[in-house]
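Colleague: Just passing along the structure, written as structure tokens.
The values are calculated or read from the model by the stated rules, or taken from the named source; none is laboratory data. None of these values were measured; they are calculated from a predicted model. Here the Cβ positions follow ideal geometry from the backbone for every residue, glycine too, while neighbour counts run over all protein chains shown.
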């Protein structure tokens, strides 16, 4: 394998394009311009390890007379293709042959990481000798402050020996006798410079990947002052800068956490206040619920009164029908009397006048009596109708009040406070239900499941005993010493243990459990049955 062609191909792949490298070299212009201003003749520069010649081209464009030295023939061929003045050979050896105070700029871009520390010190000493007063030494190299560079990228080039920290390279120039030196951190992204906070990934990868040490040889004060501003400026991003920004991120996070905690405290206080208001609203809701219950009770009472009034109206209607029946009966009797009077007229022509007069009087008396009874019945019917209307009005009023109560109840049920307190009410209802259920089990209450199951078992046993006379006699003998237990067992199922057979039904004339309308229908049916019996 041709090592010369390999290294040129390697640089083309990993160093970047020619235009990119030249754009990166513009950072040195403030130093170069100051040297040009101080020079009375054409400035002369030497680039050790000139590579593809980007620096030779850049300074030639600034009016410098440039020379280059490199060991790689492939790189020298690239420079010679562009017409640059380059020579093969060892750069430090070439520098040692130059006359003292003969050059304005000596540069070595990505060279020092390829040589030993002794050679580095020799390079600095020879440069200090060969440079003119105020002349510049520029040494650029990979920056080991960048953790990705120090741990991985530095070793992409198999000719690299070891990385050199910025403080060490700076001290080498200082020890060699240079007046000033400045560390320029290079090639970081613009975004990382402007960021207030950084991530861990940026701390590892985003420190300036390269740096340079620019050292100036001692000169008169006027010449030193020309480069004062470039030497005072700060360049690039150091590891300490990104670590500080990383720490600031945690400080801000902690501050935000404290602020969030404070806001949470305020929110908790507001939540407590809201809970208190919710409790107050629940109390008001309970009061409103009680009022609604009271209104509902009044509505029920009004409904009961309306039913009672309806029953009375039905009774009055029944009485009116009875009165009408009596009037018809009276009319029938009057017709019968008239017929008898006619018969009397036929039998006794002599007393016809008297009979007719008596008949007329009798008819008039009976008709008046019937008319009076019918009027009395009509008056009673009117009175019943008035009472029914009054009961209907009261029922309407009660219905309106019930509607108003339902409206208030609807407003309460759809209010925000009622919805907010819904979970609390459900919890209360659940606790009441749970408490009542547990107490029912523990106290063996009438409607508890254990009691229902035992009652069902006792009823089944009673039915079985009732169907077996032999078992009944045996049980009677066993229970005879325990009359209270016998009486209690008789009450289970509301059936006689000894006399009433199982599943026997009993008729009831008790109407207290019926509704008013059912009572009315029952009364009418009973009346119709009695009337049918009377006709039969």
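Colleague: Given the residues 91, 63, which is the only one that is buried (at least 19 other Cβ atoms within 10 Å of the Cβ), touching a helix residue (DSSP H, G or I) at 6+ places or on another chain (Cβ under 9 Å) and in contact (Cβ under 8 Å) with a residue 12 or more places away in the chain?
Modeller: 91
Colleague: Just one of 255, 292, 271 is assigned to a helix (DSSP H, G or I), modelled with pLDDT under 80, surrounded by 13 or more Cβ atoms within 10 Å (Cβ to Cβ) and not assigned by TED's automatic domain parsing to the domain that holds residue 145; which is it?
Modeller: Numbers: 255 fails: surrounded by 13 or more Cβ atoms within 10 Å (Cβ to Cβ); 271 fails: surrounded by 13 or more Cβ atoms within 10 Å (Cβ to Cβ).
Only one candidate passes the filter, namely 292.
Colleague: Also: Give segment 66-84 a look and list any residue that's in contact with a strand residue (DSSP E or B) (Cβ under 7 Å, 6 or more places away or on another chain) and crowded, with 18+ Cβ neighbours inside 10 Å, or say none.
Modeller: The answer is 66, 67, 68, 69, 70, 76, 79, 84.
Colleague: Right, another one. Among the residues that make up segment 121-143, is at least one of them assigned by TED's automatic domain parsing to the domain that holds residue 211 and without any contact (Cβ under 8 Å) to a residue 24 or more places away in the chain?
Modeller: no
Colleague: Does segment 193-205 contain any residue that is over 30 Å from residue 37 (Cβ atoms) and free of Cβ contacts under 8 Å to residues at least 40 places away in the same chain?
Modeller: So far as segment 193-205 goes, yes, one or more of its residues are over 30 Å from residue 37 (Cβ atoms) and free of Cβ contacts under 8 Å to residues at least 40 places away in the same chain.
Colleague: Please count how many residues of segment 399-419 are surrounded by 14 or more Cβ atoms within 10 Å (Cβ to Cβ) and closer than 13 Å to residue 281 by Cα.
Modeller: So the count comes out to 5.
Colleague: Can you tell me which residue among 162, 190, 182 is under 19 Å from residue 111 (Cα atoms) and surrounded by fewer than 14 Cβ atoms within 10 Å (Cβ to Cβ)? Break it down stepwise before answering.
Modeller: On the way: 190 fails: under 19 Å from residue 111 (Cα atoms); 182 fails: surrounded by fewer than 14 Cβ atoms within 10 Å (Cβ to Cβ).
Criteria check complete, one pass: 162.
Colleague: Given the structure, is residue 242 assigned to a helix (DSSP H, G or I), in contact (Cβ under 8 Å) with a residue 12 or more places away in the chain and assigned by TED's automatic domain parsing to the domain that holds residue 101?
Modeller: No: the conditions fail for residue 242.
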